[in-house]
Amino acid sequence: MNFSTKNRFKDYCGGLILCGLGTAAALQAQSYHLGTLNRMGPGFVPMALGILLAGVGLVLLAATALRREEAAPSGLPALPGAAEEGHHGPDWRGWGCICAGVIAFAVLAEHAGLIPATLGCVAITAMGDRENTWRDAILLAIGIAIMAVAVFWWGLGVLMPLVKGIY
Amino acid sequence: MWQSILDLGYGFGLALEPHNLFWCFVGVLAGNLIGVLPGTGALTAISMLLPLTFAMHPVPAILMLAGIFYGSQYGGAIGAILLNLPSHPPHAVTCLDGYPMTRAGKGGTALGLTMIASFFAASFGIIVMIFASPLLVEMAFKFGPAELFSIMLLGLIAGSTMSRGSPLKGIAMTVMGLLLGCVGTDVQTGQQRFTFDLPELADGVELVSIAMGVFGIADFLKHVNRMKHVGNLQPVKFRDMRPSLAEMRQAFWPMVRGTLVGTIFGAMPGTGPTITTFIAYAVEQKISKTPHKFGTGMIAGVAAPEAASHSKTQVDFIPTMSLGIPGDAVMALLLGALLIHGIQPGPRLLSEHPDIFWGLIASFWVGNVLLMVLNVPMIGVWVKLLQVPYRFLFPAAVFFIAIGAYTVNNEIFAVYEVLVFGLLGWLFMALDFPIAPILLGYVLGPMVEENFRRAMLLSRGHFGIFVERPISATILGIIALLLAAQLFFSLRARLRPRQAAAGTLSFQE
């Protein structure tokens, strides 16, 4: 996909998402009391915002459809970006591991305590990087867990058992 | 005027109290550290450390948060100059001339000049703040709901259309933020809105969850496996950091001009920090006798944008503190933090909480001095930190975010909230939407709604109230001008694609 078709595709997606979200918000707001312009109910502003969001989505769709082919945006061309190199294309491993890491923290914090939650969260998230081995991930997790106990449990007194049922 | 100076003395007394001084120091140190780390800027730093401040007294809390903000800006320049790595978009222009200076063996000088320029610009910004805020407050007391609504609208529209990328997309994200601000219990009627029967949402979406989601998790999702590897660096000794007299002379006027650019842009609500540094750089290039030399290590190309970013930072606090209207996402975050502490920034802040206002101003100076003192001996440590690989950094940061979200209310629900906002922010980032306006909309949302409803009640349902009152009408006029200018430039760009592309800067991250 060349630059301009890719951008066009992105803008179509963006426009559709906005229309969808805006419509959903407006429909949901209808179930609240709308009120009058003089005395607005709780549903008035959310309703107006939903319609506005859907409207912006429609304008974006229309502008994308009417847009002629264009060159890549220029400007200051040689700007170094922080995220230019390395892997390209969808990175399911990275994304999956980061999401799984956050979920692991939530689940383990609720059922197992601070230490397991820290170990699980850091180790799983670390595996999202293609250069980390299991050994790196576990060592990093242990290091962070020690720090977490010192800073959050001992230092700041976070209300979470270290290991549920034991301490 | 004398009153201001007396008040400032009171502020210094507060800022130098050992307790407050300590948290200011922690703030600038943490901000500097996080700012140096690749991939994290002020927004990430403040979002991550925000939960820590909830247990504190409001004065040290805001001193620390402000310290994180300007500390991270000092830190961001280090990566830009030494590694060509803008850890934060506003520093991208600093790379253009800062990195060539490093390659020419003058990295230390560039850092030293940056520090001097930053300190000078920050001091100037603080002085402007001291004298401009009371004036603005006096005016603000005449504001009714209609004026407040109009000025917030100005902030929102300027914030969404004058940042990088497409103005339309910026507006979309602002509206999205406003909708997120509606979630929870309606203050006037007690109606639950968009809560989907989840009791955790009755108090609205957590500020911390949105901030850490869209500026933390979303960022990691975007950068994982895509970060540049950092090679070996020449060690920078702090003897190298002292610029020669000739270099100082070369840097002086760019520094002054950069400061002025930053001050002007700071006073305009909604102009982002990135656009400010770009303009400061463009101004230098335009008036330089040797414009072709820019990009090869010109001192002016480093001093001006860094000065601009620091004076803007300070001036940005004026509307935030004296009107209660944040100019950009960082300010929205700080305002949100104050609201969590039960302090409503606005015209009454000066009389009701003089300790916060003047303590904050005095702490800016104290913090900036601390940063100067800190950065000279610590530069070696920062350089080492720059080399910490991203693959170790982001898992640790994800953990900090997760536990930070949990500690706000000791609720696991907030952790899931962070994930949802992370995915949402990442999706919109991938579709080239600017995400900072979400936060601005979210923080301003409830205030916009309240003032809009009040104004309409006062006018018995007539929209005329917004144009009949002179101050409000003027502000609406400015908004109309702003939108007209945006439309004009975008139409011109469409009609003459080639010339326009060369003439306007586009701010694609």
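The values are calculated or read from the model by the stated rules, or taken from the named source; none is laboratory data. What you see is a predicted model, and the numbers here were worked out from it, not measured in a lab. Note: ideal-geometry Cβ built from the backbone for every residue, glycine included; neighbour counts use all protein chains shown.
Restrict the check to region B:486-496 and report whether at least one residue is within 30 Å of B:Lys142 (Cα to Cα), at the interface with chain A (Cβ under 10 Å from one of its Cβ atoms) and modelled with pLDDT under 90.
no
Results for (1) of a type in the set (Ser, Thr, Tyr); (2) over 24 Å from the mean Cα position of the chain (by Cα), shown as yes or no for each residue.
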site: B:Tyr406; (1), (2): yes, yes
site: B:Asn409; (1), (2): no, yes
site: B:Phe421; (1), (2): no, no
site: B:Leu431; (1), (2): no, no
site: B:Pro437; (1), (2): no, no
site: B:Gly441; (1), (2): no, no
site: B:Pro446; (1), (2): no, no
site: B:Leu458; (1), (2): no, yes
site: B:His462; (1), (2): no, yes
Tell me, which residue of region B:287-310 that is among the β-branched types (Val, Ile, Thr) and crowded, with 24+ Cβ neighbours inside 10 Å is farthest from the other protein chains (Cβ to nearest Cβ)?
B:Ile299
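Each row is one residue, and each column tells you yes or no for (1) assigned to a helix (DSSP H, G or I); (2) over 20 Å from B:Gln73 (Cβ atoms); (3) among the polar types (S, T, N, Q).
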site: B:Lys286; (1), (2), (3): yes, yes, no
site: B:Met298; (1), (2), (3): no, yes, no
site: B:Val302; (1), (2), (3): yes, no, no
site: B:Glu306; (1), (2), (3): yes, no, no
Enumerate the pairs (first residue in region A:142-160 and of a type in the set (D, E, K, R) and exposed (fewer than 15 other Cβ atoms within 10 Å of the Cβ); second residue anywhere and outside any loop (DSSP other than H, G, I, E, B) and modelled with pLDDT under 80) with beta-carbon separation below 6 Å, excluding pairs fewer than 6 apart on the same chain, so at least 6 apart or on different chains.
none
Only one of (1) within 14 Å of chain A (Cβ to nearest Cβ); (2) of a type in the set (A, V, I, L, M, F, W, C); (3) in a loop (DSSP other than H, G, I, E, B) fails for B:Met173. Which number is that?
(3)
Leading residue by the ranking (surrounded by the fewest Cβ atoms within 10 Å (Cβ to Cβ)) among those in region B:398-411 that are more than 7 Å from every other protein chain (Cβ to nearest Cβ) and aliphatic (A, V, I, L, M)
B:Val408
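Can you tell me which residue within region A:117-147, out of those that are facing chain B (nearest Cβ under 7 Å) and of a type in the set (Gly, Ala, Ser), is nearest to the chain's Cα centre (by Cα)?
This residue is A:Gly128.
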Please determine whether any residue of region B:380-397 is under 20 Å from the mean Cα position of the chain (by Cα) and crowded, with 21+ Cβ neighbours inside 10 Å.
no
Any hit, region B:278-286, residues being surrounded by fewer than 24 Cβ atoms within 10 Å (Cβ to Cβ), in contact with a Phe, Trp or Tyr (Cβ under 9 Å, 6 or more places away or on another chain), among the β-branched types (Val, Ile, Thr) and free of Cβ contacts under 8 Å to residues at least 40 places away in the same chain
yes
What residue, among those in region B:412-431 that are more than 7 Å from chain A (Cβ to nearest Cβ) and aromatic (Phe, Trp, Tyr), is surrounded by the fewest Cβ atoms within 10 Å (Cβ to Cβ)?
B:Phe413
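Conditions tested, residue by residue: (1) surrounded by 15 or more Cβ atoms within 10 Å (Cβ to Cβ); (2) at pLDDT 90 or above; (3) part of a helix (DSSP H, G or I); (4) facing chain B (nearest Cβ under 10 Å).
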residue: A:Thr5; (1), (2), (3), (4): no, no, yes, no
residue: A:Phe9; (1), (2), (3), (4): no, no, yes, yes
residue: A:Ile17; (1), (2), (3), (4): yes, yes, yes, yes
residue: A:Leu21; (1), (2), (3), (4): yes, yes, yes, yes
residue: A:Leu27; (1), (2), (3), (4): no, yes, yes, no
residue: A:Asn38; (1), (2), (3), (4): no, no, no, yes
residue: A:Leu60; (1), (2), (3), (4): yes, yes, yes, yes
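One residue is enough: does region B:142-154 have a residue meeting the conditions out of contact with any Phe, Trp or Tyr (no Cβ under 7 Å at 6 or more places or on another chain), small (Gly, Ala, Ser) and assigned to a helix (DSSP H, G or I)?
Scanning region B:142-154, I find no residue that is out of contact with any Phe, Trp or Tyr (no Cβ under 7 Å at 6 or more places or on another chain), small (Gly, Ala, Ser) and assigned to a helix (DSSP H, G or I), so the answer is no.
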